[in-house]
Amino acid sequence: MIERIAQIVNADPAIRRWGRGMNETFLVEVAPETFLISVQDGEIKRIEKGPFVQRSWRFAIRAKRECWTRFWQKTPEPGWHDLFALLRRGDVAFEGDQRVLMAYLLYVKLLLAAPRKA
């Protein structure tokens, strides 16, 4: 599912506009798999599948596969619809430089919700 995010996001100028100025690599864990997403001015340049050894990233968003599966439903149930709802439930963890995450929060939320459109 996460492999399709680049295609969906890069084709949507509204989502890319929210990420303009973001030039970062961040990690998304769909446990047990990990992915590095590299963004340049709102465009996803690369999604790499781990495992990674000594790779750098600015922030990480970690959750189990079951959690992401429910989050990526076309119309998620209440409590599974937003990253902060998942955080409140204790199903997701944020790590690393959360200032960057918060600076581009809407972009990251739209990026991670993009598979709902597929």
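Only the coordinates and a few stated rules stand behind these numbers; no lab work does. Bear in mind the structure is a predicted one, so any value in this text is a computation, not a measurement. Heads up, the Cβs are rebuilt from the backbone with ideal geometry, glycines too, and the neighbour counts pull from every protein chain shown.
Assorted remarks:
- Filter pass, Thr25 being under 13 Å from Val108 (Cα atoms), hydroxyl-bearing (Ser, Thr, Tyr) and under 14 Å from the mean Cα position of the chain (by Cα): yes
- Among residues of the stretch 9-31, those that are in contact with a Lys or Arg (Cβ under 6 Å, 6 or more places away or on another chain), free of Cβ contacts under 8 Å to residues at least 60 places away in the same chain and of a type in the set (A, V, I, L, M, F, W, C), counted: 2
- Options Phe26, Phe59, Phe35, Phe52: the member that is among the aromatic types (Phe, Trp, Tyr), touching a strand residue (DSSP E or B) at 6+ places or on another chain (Cβ under 8 Å) and closer than 20 Å to Ala118 by Cα: Phe35
- Residue match in the stretch 32-52 (condition: outside any strand (DSSP E or B), without any contact (Cβ under 8 Å) to a residue 12 or more places away in the chain and out of contact with any Asp or Glu (no Cβ under 6 Å at 6 or more places or on another chain)): no
- Restricting the first member to the stretch 89-112 and to residues that are on the phi > 0 side of the Ramachandran plot, and the second to residues that are of a type outside the set (Val, Ile, Thr) and outside any loop (DSSP other than H, G, I, E, B), the beta-carbon pairs closer than 9 Å and six or more apart or on different chains are Gly96/Phe26; Gly96/Leu27; Gly96/Phe59; Gly96/Ala60.
- Of the criteria (1) surrounded by fewer than 16 Cβ atoms within 10 Å (Cβ to Cβ); (2) more than 13 Å from the chain's Cα centre (by Cα), which one Ala93 fails: (2)
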